[in-house]
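So the structure is just underneath, and the comments pick up after that.
What follows draws every value from the coordinates through simple rules; no lab data is involved. This structure is a prediction, so every number in the text was calculated from the model and none was measured. Methodologically, a virtual Cβ is constructed for each residue, glycine included, from the backbone with ideal geometry; neighbour enumeration extends over all protein chains shown.
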Amino acid sequence: MSNNSNDTIFIGKKPLMTYVTSTIVQLATKPNVIIKARGLTTAIAIDVSQVVIKKTKPAFAIDRVSIGSESLVSSDGKNRDVSTIEISIKRTAA
């Protein structure tokens, strides 16, 4: 599976439907798309995947979900562990 920026949606602070639309547009031309988020935006990533799956059922399904953590240096110089999530959505055989 290719993992370049063309098939990856990075979740930030934009409205939910911005990411849903972007994901559906990517899925129109790609066999799978990865939704990535970290920190407080992990909940938005989960919401995006659920909206996409429910709105496009049965065309797409969740392929896999990976969770983890990254160690980042905050603005005050301290190391912080931040949760991460990757949700892969793929085209179904139907």
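Looking only at residues that are touching a Ser or Thr at 6+ places or on another chain (Cβ under 9 Å) and hydroxyl-bearing (Ser, Thr, Tyr) in region 42-56, which one is surrounded by the most Cβ atoms within 10 Å (Cβ to Cβ)?
The extreme case among them is Ser49.
Quick one: how many residues across region 30-85 are polar (S, T, N, Q) and either in contact (Cβ under 8 Å) with a residue 40 or more places away in the chain or assigned to a strand (DSSP E or B) (or both)?
So the answer is 9.
Which of the residues that make up region 8-29 are among the hydroxyl-bearing types (Ser, Thr, Tyr), part of a helix (DSSP H, G or I) and under 27 Å from Glu70 (Cα atoms)?
Of everything in region 8-29, those that are among the hydroxyl-bearing types (Ser, Thr, Tyr), part of a helix (DSSP H, G or I) and under 27 Å from Glu70 (Cα atoms) turn out to be Thr18, Tyr19, Ser22, Thr23.
Does Ile89 count as under 18 Å from Gly12 (Cα atoms) and not in a loop (DSSP other than H, G, I, E, B)?
Answer is no for this residue.
Tally time: how many residues in region 57-74 are surrounded by 11 or more Cβ atoms within 10 Å (Cβ to Cβ), over 15 Å from Ser88 (Cα atoms) and of a type outside the set (A, V, I, L, M)?
The total comes to 3.
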